[in-house]
Amino acid sequence: MEKIASFTVNHLILEPGIYVSRRDHVNDAVLTTFDVRMTAPNKEPVMNTAEVHTLEHLGATFLRNDPEYRDEVIYWGPMGCRTGFYLILAGEKEPEDIIGLMKRLYRFMADFEGEVPGACARDCGNYLDMNLPMAKLLAERFLNETLEQIDGRHMHYGE
């Protein structure tokens with residue numbers, strides 16, 4: 001079998017950032033999948049499932065309610081390796097196009113107070129596996145250490 005594109009990225013040198021993972025053409029539409037990499041693979045500890053789950057709920061809620069992007073959001077979910085998230089948007093986009101959105105998203109998650117949306121038995125299949133304080137800490141870290149000073153090297157693989 002042919003190796004898929006995401007397995008050809010050198011994870012030994014990949015750093016936190018926002019990258020285009022792939023573009024898919026579905027009929028006349030283009031879908032852009034972003035690699036929102038929050039930790040350096042194989043160098044930093046991975047995120048625990050509780051905080052990843054919390055960031056998934058917060059992120060999906062925010063993105064699907066964002067007035068500018070809500071109609072373009074196809075998917076927000078964690079990577080299996082727990083080093084980041086995938087964001088799929090309708091349209092052919094570049095990381096530079098969504099930096100404002102990502103800053104708003106991560107500020108929302110870092111500042112979030114209250115009950116995590118969908119964190120109850122009726123709405124979620126594993127609602128007890130949540131960690132809001134750690135999710136907020138990770139969101140703040142990514143916002144401050146990556147998004148607020150992002151450059152081309154952290155938006156394009158191999159630069």
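Only the coordinates and a few stated rules stand behind these numbers; no lab work does. Computed from a predicted structure; not experimentally measured. Cβ: placed from backbone, ideal geometry, glycine included. Neighbour counts: every protein chain shown.
Below are the figures for this structure:
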{"read-out": "Sequence-distant residues sharing a close amide H with residue 22 (under 5 Å, placed H)", "value": "33"}
{"read-out": "For segment 57-112, fraction of C-alpha pairs farther apart than 13 Å, in %", "value": "61 percent"}
{"read-out": "Within-13-Å neighbourhood charge of residue 118 [Cβ basis; K, R +1; D, E -1]", "value": "-2"}
{"read-out": "Cα-centred dipole magnitude for the chain, charges only on beta-carbon of K, R (+1) and D, E (-1), debye, nearest 20", "value": "340 debye"}
{"read-out": "For segment 67-146, diffusion coefficient by Stokes-Einstein and Kirkwood Rh (Cα), 37 °C, 0.692 mPa s, µm²/s", "value": "230 µm²/s"}
{"read-out": "Cα-projected label distance for residue 123 with residue 94, points at 7 Å along beta-carbon direction, nm", "value": "3.7 nm"}
{"read-out": "Degrees separating the helix 132-145 axis from the principal Cα axis of the chain, which is the longest one", "value": "40 degrees"}
{"read-out": "Total lysine pairs under 27 Å (Cα atoms) in the chain, excluding pairs fewer than 8 apart on one chain", "value": "6"}
{"read-out": "Crossing angle, helix 49-63 versus the chain [Cα axis fit, 0-90 degrees, rounded to tens]", "value": "80 degrees"}
{"read-out": "Surrounding net charge for residue 108, when Lys and Arg each add one and Asp and Glu each subtract one, Cβ distance under 14 Å", "value": "0"}
{"read-out": "For segment 100-114, Karplus couplings with θ = phi - 60° (6.51, -1.76, 1.60), whole Hz, Gly/Pro x", "value": "x, 4, 5, 5, 5, 4, 6, 5, 4, 5, 5, 9, 4, 10, x"}
